[in-house]
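The values are calculated or read from the model by the stated rules, or taken from the named source; none is laboratory data. It should be emphasised that the depicted structure is a prediction, and the values quoted were computed from it without experimental measurement. Virtual Cβ from ideal backbone geometry, glycine too; neighbours counted across all protein chains shown.
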Amino acid sequence: MNITLRFHGRLNDFLPRSRRAVAFAQSVDGAPAIKDTLESVGVPHPEIERVVVNGAPVDMAYIAQPDDICEIYPPRQPIDFYRAAFAELRPTFVADVHLGRLAAYLRMLGFDTVYSSVDLADPLLADIAYRDQRILLTRDLGLLKRKIVRFGYFVRETAPLRQLAEIVERYDLLHYGMQALRCTNCNGALEAVAKDEIAPQMTAQTLRYYDEFRRCTACGKVYWRGSHHEKIERFVDGLRGG
Ligand SMILES: [Zn+2]
């Protein structure tokens, strides 16, 4: 049978040019869930917020009928269907192995982000996202199509700072305070620590210029308001200013 599909907004990023923002016919064999048909066309289900068939909303388990007309929508702007599901909880993330710099930047801004430089298997990443209700960030479409992934996003940009801007915009991260900093090393929470306690580990120069220090409660790494953190803060201030 044939059905008609039309994708809206950024969902068109996943389609060949000839299919973007236009209605096109799609043949369907058997009785698959609409999720499978949409993914076979190239669009991973976590990117989709709403599917409307013949004018009525359906869920991802819907079985298409002959001649259905399907409109497929991404989240509305600002993009926060995660927030709609979890009220005011601070978003948490799990990033795939290719997104190490992005993960470090998110931690620097205080967002709990699971990341390992050891390539975790796809089922494990999907499971972490599912179990902890984390947003899965990846550039792997196959991973995003896994059924148990509820919140996920295909990172379009390739440069880390641009990726950060993309995620900040997509999940409206400026809405959340940036105070609860995490360790860029291990994602542990940071706590304030007295200067004399960490002095033996610091260079004379650092001690001369800085008075406020934080220490990772998990791995013990010490942080101060050094240049790399200031760079990220300036960057975020830039985003704030539009
Ligand atoms: Zn740490």
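Mind listing whichever residues of region 187-242 are within 16 Å of the ligand (Cβ to nearest atom) and of a type in the set (D, E)? Of everything in region 187-242, just one residue is within 16 Å of the ligand (Cβ to nearest atom) and of a type in the set (D, E), namely E191. Note on region 9-24: residues that are assigned to a helix (DSSP H, G or I) and modelled with pLDDT of 95 or more amount to 7. Surrounded by fewer than 18 Cβ atoms within 10 Å (Cβ to Cβ) and either among the charged types (D, E, K, R) or within 19 Å of E233 (Cβ to Cβ) (or both): is that true of D112 in this structure? Against the criterion (surrounded by fewer than 18 Cβ atoms within 10 Å (Cβ to Cβ) and either among the charged types (D, E, K, R) or within 19 Å of E233 (Cβ to Cβ) (or both)), D112 does not qualify. One residue stands out in region 155-184 among those that are at pLDDT 90 or above, in a loop (DSSP other than H, G, I, E, B) and over 13 Å from D112 (Cβ atoms): the one that is nearest to the ligand (Cβ to nearest atom), namely V155. Considering only region 159-171, state which residues are surrounded by fewer than 19 Cβ atoms within 10 Å (Cβ to Cβ) and either of a type in the set (A, V, I, L, M) or in contact with a His (Cβ under 9 Å, 6 or more places away or on another chain) (or both). Answer for region 159-171, where residues must be surrounded by fewer than 19 Cβ atoms within 10 Å (Cβ to Cβ) and either of a type in the set (A, V, I, L, M) or in contact with a His (Cβ under 9 Å, 6 or more places away or on another chain) (or both): A159, L161, A165. D29 passes every criterion in (1) charged (D, E, K, R); (2) part of a helix (DSSP H, G or I); (3) out of contact with any strand residue (DSSP E or B) (no Cβ under 9 Å at 6 or more places or on another chain) apart from (2).
In the set (1) out of contact with any Cys (no Cβ under 6 Å at 6 or more places or on another chain); (2) part of a loop (DSSP other than H, G, I, E, B); (3) of a type outside the set (D, E), P123 fails one condition alone, (2). The condition of being over 30 Å from I34 (Cα atoms), surrounded by fewer than 13 Cβ atoms within 10 Å (Cβ to Cβ) and in contact (Cβ under 8 Å) with a residue 40 or more places away in the chain holds for G177.
Of the residues making up region 177-199, those that are of a type in the set (S, T, Y) and in the same structural domain as V236 (by TED's automatic domain parsing) number 0.
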